[in-house]
1. Can you name every residue in segment 304-320 that is among the polar types (S, T, N, Q), part of a loop (DSSP other than H, G, I, E, B) and buried (at least 24 other Cβ atoms within 10 Å of the Cβ)?
2. Would you check if Ala459 is outside any strand (DSSP E or B), assigned by the TED database to the domain that holds Ala287, open to solvent by 10 Å² or more (accessible area, probe 1.4 Å) and of a type outside the set (Lys, Arg)?
3. Just checking, how many residues over segment 777-804 are open to solvent by 10 Å² or more (accessible area, probe 1.4 Å), touching a Lys or Arg at 6+ places or on another chain (Cβ under 8 Å) and not charged (D, E, K, R)?
4. For Ser692, indicate whether it is closer than 28 Å to Val897 by Cα, outside the structural domain of Ser816 (by the TED database) and open to solvent by 40 Å² or more (accessible area, probe 1.4 Å).
5. Have a look at Arg180, Arg214 and point out the one that is outside the structural domain of Leu136 (by the TED database) and open to solvent by less than 10 Å² (accessible area, probe 1.4 Å).
6. Scan Val844, Val879 and give me the residue that is open to solvent by less than 30 Å² (accessible area, probe 1.4 Å) and either among the hydroxyl-bearing types (Ser, Thr, Tyr) or within 21 Å of Asn678 (Cβ to Cβ) (or both).
7. Does Ala716 count as modelled with pLDDT under 90 and open to solvent by 30 Å² or more (accessible area, probe 1.4 Å)?
Amino acid sequence: MRAAHSENASRAKRVTLHETFDNSTQRKGTTVRSPSDRDISTLARLNPGAVTAGRPIPSGRFGIVRFKKRRGVPMFSRSALISVTVAVLGVLAGAAAAAERDPNLEIIIQVRDGAVGLPSPHAAVAPQLASLRSDLRDVLAHPNVLQIERVSPDAKRSESYHVTRDGRAVRTIDMSNVYRIRVATSAMRERLIEQLRVTEDVVFADPNQSIELRSLPNDPDLKLQWAVKNTGQASGRPGADIGVEQAWAYSTGSPLVRIGVVDLGVDPLHPEFGGRVTGTTGSDIHATGVASIAAAAGSNAQGMAGIVWNNPIISEVITLSDAATVHDAIVNAVDLGCQVIDVSWGMTNYYTLLGDAIAYAYMNHVLVVCAMPEPHRDGEWPNKFQEMGVLNVGALGNDGNAATYSNQAPYVDLMAPGGNRIAGLEAADIYHAIPVQSGSYAFGNGTSYAAPHVAGAAALLIGRAYQQGWAPGDIYGTDVRAYLRISGADDIGASGFDQATGYGRLNARRLLKEFTNAYFQRYEAVGGTDLGGPPSPYTCVIHNVPGLAPGTYAVRRHEVQKTVNMGQAHVWGLETTQGWPIADQVLPASQRALYNTGWCEPAAYGPTTVTLRTYVYEVYTTLLEWIGWYPCQPSQVVFRWGGYSPVVAAPTLTAPNASQSFFVPEADAVANPTVGTNALKYFYTCPNVDVSNHSARLHIVVRDSLGAGIAGIDPAEIFALLNGGTAAQGFSGAGSDSVIANSQYNPLAACPDLRTISADAATDASGNAYITLIGSAPGSPGVGLRDPQRKWGHYDSEIPVYVRGVKLQGRLTSGSANGSYKLSMKNADLVAGLTTLANQGEVVNSLDYNDVASHAIYNEPDSADPLNWWRDFDNSGFVNSIDLNFVNAHANHKCDVPNNP
């Protein structure tokens, strides 16, 4: 397979944080990483409100240092020394002045394995001194390309493999392959990005950016929190607050819920935090203010009160002059257990590393709360990552109206107090803590200070869920986001959602008052209708998919919809869905990216139904060579969603009851079946499905909680789930580990891409249905008839059975206990079905015969070898000549032999 070309290059100029500092109030210290790293010298040019470039410091690693000389000399970085050395060599003449980095002259790239080699992980060298593969070496061979270095020198590939809090394997971008390139001119940067995006060894190329905070701090003043209780102070409107005083009657927070503040470094010594701040800390005004609004202590007889009072605060440091630092900061906050993360800053342009970090938080069920940009700034990221669950917050003045500086956009979710920003009326702004050395408290304004009100309210809600019996991790970030929109907002603008005020003003009182476990339900349904998509393929960058190298691919998008019966008034998709968000072809190439994140959403509501949609993709190389379906084919989609109604406490959907429902192995006549162990001797097949197996089938019994049969369930909602491939082939999840018709490994047209085996017909009046293994005769459920679309390959694990998204348990007989039987299927194609070689595992050949023969010669019992059960085709308890004769009878059978189809 040819490597895909990367098209992920952005033309944006810079990233914007949502704040401008008054130098008189900026902090005096900063958190940096190891003094041996290259970036320390940049402290010499940063103003006191900035932080150093580089990776956030892991907790307990390097601690806090102050901006000062060490041992009587300025702190210079390794990069400065390298720059001088290279200049002496004549490679970078005059480059010593480049020690002061400018993100507008930098490019961030990810390369394929082995494409770049540096003298050491921390080295920053001219491209001529690096070991580069030929295509990359040619692109970087220009005198205006000054330097290349790793973004995260200490990163290891193993750190890109993660397990989510609910046990799912996920990946992030391999930071050990991410590099920073410095160039001499902005024009050179633009040209180089264009070249890098079509270089085979480059996965993505983004211009580096700076970051802007989304607030404007003021000097210390009166200690008034109208956001908490608006009595009309500072000429405000009484009642135009977030109702948190009443919410505290339900909860004041929980030490089990961690709030992340990814910012410039929270002051851990401020008395409002009481030792609750960990992570990489600092003494920054903006970060400390954000943290205090969300989580300052209450009832401590001093200062202010946050939305929550006793929650742990995880501080992770970013660098204003280096957008690359946001990746590790957000990932670290997730790994340290945050359930909510505040992001009160923004970027001007799409940024791959930011998208990857947001995706990681999303797949770990973490809610990322983002401050909205301001109209005079074009910083819409990470706000536009709504398909990955971010919640965007605009600002209100103390009159209850949207602040003039708060942007209107289709992605605003909620409004919260942010201050008026009126000169001379500081008391109408937001009161917050600042580092002790700067005066302890101040007023400020901006969407930066609106967002932590919502982050604190989200933490209140999660803590309330724990009080009501939810286990930690049971409530997802997408649940909290939906509930904040539904019951945590008072509509204050145009009726319903509007681009000025979103769903309305945060109302913490109603948020907690109406929260009840019974109002939340989760659902699952498999399969759907393939509505297709754009007729022509287009390029898309794909990250973090097992078995698929990161890079640019050609894709054909398919929209998959499924209509389900729902009595809930509000529905939202969950990140555990097996289906991806849209990567729209109308977006710029640099923004068409997929991070292997689950996604679905309501597309339409009926009186008692909701139609859900998600997307799957046919993936090709950029030369249009077929690779496969991702994340699955349309019939394999698993929709997962939540539902809530403040009126209806239970869903109207008649779902199967897992205790009352079951399936039983049967064979022979439906009216007088062979059941149990005697039926299992017919549970075998061949790659050509040319077997006479006595109508071997599953008898499905679907009942409700009262034991009554559920009639009329569509056969597409009743199926045995196959997995699509082996672990060696990059497949994982529920279902058996190998199928014959994996189109990536078996392109024969006669081999259908089989992922589910559906029921023969809908459930009858008593809730009965059948899945006949080789296919059924039309109009005769349970009567076997060869279906050429049911050509199977080797299996080596349990095949789960689902009805309306509920996994059923098997019974050996109808009188047995649930769980006494698990569906497995034997196949004459026994040996080669687990390889990664093309066209293997689709034919019965000497490998299969010799394998069975080596055990049949001894009439070996099944107990003698863990694989003997698979060799014992007649289920006699022994591998013998009967089993060998079965394999021999199917010698050389494959998808198109002896029958085609």
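The values are calculated or read from the model by the stated rules, or taken from the named source; none is laboratory data. Because the structure is predicted, anything quoted here is derived from the model rather than measured. Backbone-built Cβ (ideal geometry, glycine too); neighbour counts: all protein chains shown. Surface accessibility is based on the protein's heavy atoms, side chains included, excluding ligands, DNA and RNA. Shrake-Rupley method; radii C 1.70, N 1.55, O 1.52, S 1.80 Å.
1. Within segment 304-320, just Asn311 meets the criteria.
2. no
3. 1
4. When the stated conditions are applied, Ser692 does not pass them.
5. Just a single option satisfies the conditions, and that option is Arg214.
6. Unique residue meeting the criteria: Val879.
7. yes
To keep it simple, each residue is scored yes or no on (1) in contact with a Gly (Cβ under 6 Å, 6 or more places away or on another chain); (2) assigned by the TED database to the domain that holds Ile358; (3) modelled with pLDDT of 90 or more; (4) farther than 21 Å from Ala458 by Cα.
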| position | (1), (2), (3), (4) |
| --- | --- |
| Asp378 | no, yes, no, yes |
| Pro382 | no, yes, yes, no |
| Gly389 | yes, yes, yes, no |
| Leu414 | yes, yes, yes, no |
| Leu425 | no, yes, no, yes |
| Ile430 | yes, yes, no, no |
